[in-house]
Amino acid sequence: PGVPVRQAMNEHFGKSGHPLLPRGEDLPYDNRTNSSFHFTERMLSNEALFGYLEDREQNTFLQFYEESALPDGDIVGLSLISPSQVLAALTLCRLLKRRAPKTRIVLGGQWVSLYAEAVMARADWTPLVDAFIVGEGETPLLEWLKGGDPAQVPNLVYQREGRWVRSVRSSEEDLDALPAPDFDGLPLESYDSRGTLTYETARGCYWNKCVYCVDLPIPKPSWREKKAGLVVRDMGELSRCYKTESLMISNAAISPRQMREISELLVQDGTGIRWWTMARLDAAFTREVFDLAKRAGCWQINFGFESANDRVCDFVQKGNRRETSLKVIGDCHAAGIKVCLQTMLGLPSETVEEGLDTVQFLLENRALIGDAAINVYYLTPKCRVYEEPASFGIEAKKDSCLPFQFFTEFRQIRGGMDRAEAQGLWQLYQGLRRRPKVELMEDHNEALAAWRKAGVKDRVLVHLDAHIDFGWVPDKDIAEVLEAKTKAELDALLAAKPLWNPTAMKKQQLVTIGNYICPAMREGIVREFWWVVPDASFRDEREELVRQLERLTKEPVEAGPDVIKTKVDGKTVAVCALAGLPALDEEVLLDIDVDYLVTPSILDDLSPGREPWVFPRELKDRLAVRTDFVTLSYSVKGGFTPMRWRHLGDELKALFLGEDYREPLAAERYRRARKALDEGRLDEARAAFRDAVSADPGYRTIYHNAGPVHEQAERWAEAEAAYRETLSLEDPVMTPQAFCGLGNCALGRKEWLEAEGCFMKADAHLAEARLGLGLARFEQGRLEDAEAALKRAVELDPAIPQAYHRLGLIRSRSGDAEGARGWWRKARRYGSDDEEVRSAGAGRGRLLSGRVEDETVLVDEDAAVVWRLNELGGFIWKALEGKRSVEEVVGLVAKEFDAPEAEVRRDVLAFVEEMGERGLLR
């Protein structure tokens, strides 16, 4: 009692030979936080655990939970995948049980299955948890929830007379009987995965022989695959329900047969969802399979590589052959799928020379490998090496292990390398990796996600672009003004009005190609920003460049002969041409938009006939910076880069990776299609275009020609010609978009019937088509038909302010003023700034109130309006609550302020009239 938890644990484990903190720096996990494996293992094995769960100073999880809203419910289930989650889970269990002792809590997940015996030995955990599920949990959880005899619930560990007992039954799931996962209620936008959901198409492993595997601990589950048709059904449902950007197929290893079957159905279905998965380097993964998977949306595969040495792979029963691995990696890369390898050094019996084979393989083939994760081998529980160490050439120090220890010390007894040698090889590999990481994308704002994923911080960004991409992201919640503690803080928050976000869109949804650099600077990814503009722009358009910087900041802008510079939020922002970029003494983030090469002026009108003013090799030679991370964007969407120059992005990537550049098949086929179109050979054009999009689906976009660019410039005839050219290609994806384009052109020419006909030919499930149909019918005065189409548009895509605006007009013309204001408030929340929408702020929306010193502050979240009431106004406002009459309010105010009722009545009536005019009182 009275001794800090960490001190008590250090004293305890110091005596028993297990210090709390490791002496070396070679452990493969973070020892600086309460979630480290090392800390968790020792805390779970010590009587100090329960003191720690209550320790507000030491337990950071307790600090977090006490500042957060705890989950409600009679039943709470927690899934534990890693030791790093256990102390957080037990802290939460203690808090939930204290708040509501009858809450039923069940724990499951891989960690529970891995340490089932150790968990069952902890009878003192019975006050925290009601049950554990060991192994697969869908059926056991359902049966446990139904009640009945727990001994008959499969896979269940339950309480009986103050101890843990395991049920007599076990079970595995029939995957075909399981529905798609349900992610309802999860704040998906808050996760680092940025729109990626996980989904299993199989359980167990079809190989099931690796002697070191901890992902499937002994006893291993049987291998089962879900039928391909059901998988595609589930993927479509997840895509529709959650608007997910990507799926992680989280099998231990997807089989080649299942990948082929799923991909075939996905291509037929046209779901369009992107996905990635894990796999073995199996010879059955052919180029044909990878090409099919790429067309079906696969963008990355993580392969279990482990070692390039055949003897080592045989010894640990991995089943890889170096020659096969190289072919599979090459075919996957050639199909355009990112290759990631999981690799180990120091496997049982592996020598330094054999480890060098792995290092050499990774370096020689780095152009094929997107990422290689190299780990020093550690012995983990419930695998064959752990169960039979001598059989695999090691001596495990199990006697000194704690009950929940994840990594077990061992030594090689058959001549294998020790840990120091394995770490030396790891350091050698890192030192020899000199090529930068290069990511090629369509939209430039994807660079922000790439930087976040890589954990980039505090870097200099060199941005080559014909556009600054530095618009402000209005990411402040207007309700934050109520958090002010003083009037001075309130004044400062109100002064930041340009950063308020009055829309219903999440912060991440507000990031676009035109503003992604702003959050990168705010988040600490970028500390210094260099915008490199086309040479002619810096020479001829300096005044415009100065004006663009002046719009960003109130700081002075210094316009030197080679560099224009200022400060934004205390960080350097500079503009220059290639020749003016100074020598930077560190590796930079390099961010290049392909439109930089084909847009000589920042004032260019995106004319379709643009030619490159600089080509990739010259640009690479002139760019005198060192970089370890390059992001490249095609920027075809939006018309910034003409499609015929899209391949310049591929060439730039090859140059930065040190590869010989070969024009991609897709680029060659697209050029052939373009030539055939121009010459009127439609059959040949269609065939070549189909080949192009088969090789690279990125060529399937309505921006393959200049239709949208002409439309934006209101060049209706040119736009229509381009859209009709698109229709001639008979592409099933682009045809509905082309009809929408023709409809937009007809709207622009005020040909309402023609527009309606075009939108009717587009896909009925395309939000843009339903919007256009509603607009065309509105202009014809067919308000009921227009209303139906517009409502369908916002069902398909809730973020269409134009649809809400017109729905408000329809309600207004029908005499439904309140209904009109409701639609206009929604339009405001999605960014509309139409006059009617602004005036809808006069109709009270979501009104919040609070006190700041002697003022009452009212916030209308929908209209992004704040009212400040002085002491008298605040008292009247509060007195009006509860439907009091004016005379009753007058009496209360007169009594509170000791003032004559006649004077008070005048003030109260004036206040009520003003608040009524502003829509704050009804």
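For the reader, a short list of remarks on this structure follows.
- Ordering of 247-259, 582-594 by packing [mean C-beta count within 10 Å, highest first]: 247-259, 582-594
- Using a probe of 1.4 Å, the accessible surface attributed to Asp124 totals some 70 Å² when neighbouring protein chains are kept in position.
- Comparing Cα centroids, the range 370-426 and the range 308-354 end up 19 angstrom apart.
- Sequence-distant aspartates and glutamates (8 or more away, or on other chains) whose Cα lies within less than 17 Å of Lys750: Glu711, Glu714, Glu718, Glu720, Glu779
- Length gained on full extension, Glu903 to Asp854: 15.5 nm, using 0.36 nm per residue less the C-alpha separation.
- Length gained on full extension, Leu727 to Glu896: 53.3 nm, using 0.36 nm per residue less the C-alpha separation.
- Note on Val168 and Glu611: their simple-model spin labels are 8.7 nm apart, each label 7 Å out from Cα toward Cβ.
- Average accessible area per residue (Å²) across the range 719-811 - probe 1.4 Å, nucleic acids and ligands excluded: 41
- Residue pairs, from the table Lys227/Lys338; Lys294/Lys653; Lys437/Lys571; Lys453/Lys554, whose Cα atoms sit over 23 Å apart: Lys227/Lys338; Lys437/Lys571; Lys453/Lys554
- Label point distance in nm, Leu363-Ala69, each placed 7 Å from Cα along Cα→Cβ: 5.5
- Report note on the peptides 66-73, 665-672, 94-101: ranked by the mean count of other C-beta atoms within 10 Å, highest first, their order is 665-672, 94-101, 66-73.
- The shape of the range 683-752 can be summarised by an equivalent ellipsoid whose semi-axes, obtained from the alpha carbon gyration tensor, come to 24, 11, 10 Å from longest to shortest.
- Were the residues from Ala536 through Arg782 laid out at 0.36 nm apart, the gain over their Cα-Cα distance would be 83.4 nm.
- Peptide ranges 157-166, 569-578 listed from the most packed, as the mean C-beta count within 10 angstrom indicates: 569-578, 157-166
- Anchor Lys826: lysines whose Cα lies under 22 Å away (excluding residues fewer than 8 positions away in-chain): Lys243, Lys476, Lys497, Lys506, Lys507, Lys791
- Measuring nothing but protein heavy atoms, the accessible surface of the chain at 1.4 Å probe radius is 50 percent carbon and sulfur.
- Spatial separation of Cα centroids for the range 555-592 and the range 632-675, in angstrom: 29
- Residues in the range 37-171 average 45 Å² of solvent-accessible surface per residue, probe 1.4 Å, ligands and nucleic acids excluded.
- In this calculation the C-beta distance from Val267 to Arg287 is compared with R0 = 22 Å, giving a FRET efficiency of 0.85.
- The distance separating the Cα centre of the range 78-99 from that of the range 140-195 comes to 16 Å.
- Across all Cα atoms of the chain, the radius of gyration (one decimal) and Dmax (whole number) stand at 32.1, 102 Å.
- Only helices enter this figure: runs of n ≥ 4 DSSP H residues, each worth -39500 (n - 2.57), summed and divided by the residues of the chain, yield -12000 deg cm²/dmol at 222 nm to the nearest 500.
- Å² per residue, accessible surface of the range 871-918 at 1.4 Å: 66
- The antiparallel fraction among DSSP beta bridges confined to the chain stands at about 35%.
- Computed about the Cα centre, the dipole magnitude for the chain is approximately 1580 debye when only Lys and Arg (+1) and Asp and Glu (-1) carry charge, each at its Cβ.
- Square roots of five times the Cα gyration tensor eigenvalues for the range 592-661, Å: 21, 13, 11
- Rg to Rh, two decimals, where the range 193-432 supplies the alpha carbon set and Rh follows Kirkwood: 1.00
The values are calculated or read from the model by the stated rules, or taken from the named source; none is laboratory data. Only a predicted model underlies this, so the values are computations on that prediction, with no experimental measurement involved. Neighbour counts run over all protein chains shown; Cβ positions are idealised from the backbone, glycine included. The area values use the complete protein model at the heavy-atom level, side chains included, leaving out ligands, DNA and RNA. Shrake-Rupley method; radii C 1.70, N 1.55, O 1.52, S 1.80 Å.
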